[in-house]
Amino acid sequence: MTLNAGESGYSSVTGPGLSASMGASESTPLLIPEPEPEPVQQWQPLTKEELEAAAGGPGWRKVRCYLVLLFWLAWVAMLATSIAIIVMSPRPVVTQLRWWQKALFYELPPDLIMEKHTEGSGDINDLCEQLPYLRSLGIGALILEGLFDKEASPLNVTATDERLRTLAQIQHVIAKSHKAGLKVVLDFCELDVAGNAKKPSNLSATVHDVLRFWLEQGVAGFAICDTDAAYSEKTLLEWRSVFKEFSSQEDERILVVKQTRDVLSPLNNITLVDVVMRSILPSSQHLLSAKEVADAIEAHLQTREEDIWPSWTVGGKASDDLKKLLLVLMMTLPGSPAVKYDEDINQTQNLSLTVSSPHESHTVSNADKGKTKRSAVALFSSLSSSRAREEALLYGSFTFLPFNSSSTNSSSNSTFSSLSSLPVLAFLRSWGCVHFLVLLNVGPEVHSLNPAWAPSLPEAGVFVTSTGMDRLGSMTLNTLELRPHEAVVIKLFESGSYS
């Protein structure tokens, strides 16, 4: 019997996803395959022929031209900007210094030349043998002091055998100095240069004869005092006319004026004087106290004249503790330092210390003296070489730095004026981006620097030299402690930089 689902009441079962009509058909497959995806066209690079055809089109040519033009415009703009920055950036102007502005003067007492020595102290030949040694220390010129009688003209040296011998000695020293590369300046301070002229009309002629005589001997210049009769504009004009006859661009003859008064008498023509020699300490018959020394130094650091070229000398008397500190000060101030004769840098004295002594106490004493002399020579050489090598110390700008300090013996910070101890003085020598800081502890106590004393200065630096010659390497100002009567020279640089 045939079964009819429709008729028998059976309904068709519709499968999931199937319509009723499809589900009713017995021929409908149980699994319907998914439709096949359409084929995807894969990317293929251009062939050589296609690339050449596309690159040669007018559009690409314009793009390439624009890119090349943009590159050159950017390069020219960067070049012009760099040149503008270099031209417009401030930089120090290099000043061509003359020989007397770069020289280190060394003042010799008359006893070294006129053979008025004590027994065993040597003679003029010992001095001449040391001239190359003095030149090796950086000394550039000698100032011969007190060689002439104040009652006679410097030219009138042939009146007696003694004066004739003095003339020969001076000529010998001048000749040996030239051979060693040293210039010689004669000190006419407090002398009657013109002598006792019988007629006033012969006065100028006599002065010219005196100057010409010594200039012919090879003298590089003369030194007079600001109280001498020659220190007048009329007289100095006459002297200048004589100097021009013997001067050249490489070998200029100079005039040095020793300032003995608190204020230098002004001249209408300041070019008549080349160097003004000034004393850091006031003259006195007794040793100046540390407070007096500090006050004198501070006064000179704060008041300086820019229209004259100074030459600094110690002048007054100070204790041995401050001797090296004053040397550091002179060698780092703007101008030409003038150092007086010092046995500590005397080569003959150093050699004599090597002779053995039969007594042990003398041997120990000689060893101590030898150590002191070696330290003095090392300090002198370090300062002179630094001054000759560093532009900032030679002709850099000068800035006095008043600041606060914190004493290790005090718990609170205060200014120098309110401290019971003596101050620390400081100044800065700058040239371009190079800065040299000079610190002077004149007092007998240890001082450390307040971290906020100079916020505009770099905190890091390297020691250049110190009075004890025992400070080396890098340092930071925040950790620096100055010992009693110590002076240090520091080359500052930014943290992480060693320029």
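Side notes on the structure shown:
- First in segment 381-401 and more than 17 Å from GLY140 (Cβ to Cβ), second anywhere and part of a helix (DSSP H, G or I) and open to solvent by 30 Å² or more (accessible area, probe 1.4 Å), Cβ under 6 Å, 6 or more apart: PHE400/GLN302
- Looking across GLY146, GLY138, one residue alone is at pLDDT 90 or above, of a type in the set (Gly, Ala, Ser) and in a loop (DSSP other than H, G, I, E, B). It is GLY138.
- The number of residues in segment 261-317 being farther than 14 Å from TYR231 by Cβ and aliphatic (A, V, I, L, M) comes to 12.
- Of all residues in segment 225-279 being of a type in the set (Val, Ile, Thr) and either free of Cβ contacts under 8 Å to residues at least 24 places away in the same chain or in contact with a His (Cβ under 7 Å, 6 or more places away or on another chain) (or both), the one that is surrounded by the most Cβ atoms within 10 Å (Cβ to Cβ): VAL242
- Yes/no for GLU162 being more than 30 Å from LEU379 (Cα to Cα) and at pLDDT 75 or above: no
- Among (1) more than 30 Å from SER386 (Cβ to Cβ); (2) at pLDDT 90 or above, the one test that SER177 misses: (1)
The values are calculated or read from the model by the stated rules, or taken from the named source; none is laboratory data. Note that the structure is predicted; figures quoted are calculated from it, not measured. Heads up, the Cβs are rebuilt from the backbone with ideal geometry, glycines too, and the neighbour counts pull from every protein chain shown. Quick note on the areas: whole protein, heavy atoms, side chains included, nothing else; ligands and nucleic acids left out. Shrake-Rupley method; radii C 1.70, N 1.55, O 1.52, S 1.80 Å.
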